[in-house]
1. Go through the range 104-119 and count every residue that is more than 9 Å from the ligand (Cβ to nearest atom) and surrounded by fewer than 17 Cβ atoms within 10 Å (Cβ to Cβ).
2. Among the residues of the range 10-34, which ones are farther than 22 Å from Glu110 by Cβ and either crowded, with 19+ Cβ neighbours inside 10 Å or touching a residue at least 60 places away in the same chain (Cβ under 8 Å) (or both)?
3. Give me the pairs: first residue in the range 103-121 and under 17 Å from Lys83 (Cα atoms), second residue of a type in the set (Phe, Trp, Tyr) and open to solvent by less than 70 Å² (accessible area, probe 1.4 Å), beta-carbon distance under 7 Å, and six or more apart or on different chains, which are they?
4. Give me the residue from the range 46-73 that is in contact with a Pro (Cβ under 7 Å, 6 or more places away or on another chain) and over 13 Å from Glu110 (Cα atoms) and, out of that set, farthest from the ligand (Cβ to nearest atom).
5. I'd like the full set of residues that are on the phi > 0 side of the Ramachandran plot and touching a Ser or Thr at 6+ places or on another chain (Cβ under 9 Å), limited to the range 79-138.
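The values are calculated or read from the model by the stated rules, or taken from the named source; none is laboratory data. Small disclaimer: the values here were computed from a predicted structure and weren't measured. Cβ atoms come from the backbone with ideal geometry, glycine included; neighbour counts cover every protein chain shown. Side chains are part of the model used for accessible areas, which takes the heavy atoms of the whole protein and leaves out ligands, DNA and RNA. Shrake-Rupley method; radii C 1.70, N 1.55, O 1.52, S 1.80 Å.
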Amino acid sequence: MEKTLSIIKPDGVSRGLIGEVIRRFEKNDIRVIAMKMVWMTKKQAKGFYAVHEKRPFFESLTDFMSSGPAVVMVLEADNAISKNRELMGATNFEEAEEGTIRRDFATDIEKNVVHGSDSPETAAFEISYFFNAFEIAG
Ligand code: CMP
């Protein structure tokens, strides 16, 4: 079993998509083994997205991610990382497959509803950014 970090971003929370996103995970045999709502500070958002520090969208992305509450979850499944990425669809919703979360709900490349870890190394960093061992029921 593999673990990955998922975030329902502030646009997903404010638009009432928490239930819909979790329903898609559970329907696809992905288990939620830790979950909480967080309102990140700008500094916390910058720390989370530190790998994108040099990208032109970094300021805007971290403003957006600290603009309201988000739901952070640890997901568990066989191949959880790639399975979650398949369900999310491409970062740019216009390139995402039909039926994916981003294709169905994203409104632009930044407000793309969900985030998911992209590798085992990233997943380990991202899970430990939000959760300690006692908060994960898996
Ligand atoms: P996410 O999977 O959370 O990883 C980085 C985020 O930066 C991405 O989703 C988008 O929300 C945001 N972003 C904004 N502009 C871009 C861009 N041009 N390329 C990639 N990511 C972008």
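1. Total satisfying the criteria: 3.
2. Phe25, Ile30, Arg31, Ile33, Ala34 - these are the residues of the range 10-34 that are farther than 22 Å from Glu110 by Cβ and either crowded, with 19+ Cβ neighbours inside 10 Å or touching a residue at least 60 places away in the same chain (Cβ under 8 Å) (or both).
3. Arg103/Phe93; Val113/Phe105
4. So, considering only residues that are in contact with a Pro (Cβ under 7 Å, 6 or more places away or on another chain) and over 13 Å from Glu110 (Cα atoms), the one farthest from the ligand (Cβ to nearest atom) is Pro69.
5. Of all residues in the range 79-138, those on the phi > 0 side of the Ramachandran plot come to 79, 89, 99, 113.
Correct list: Gly89, Val113.
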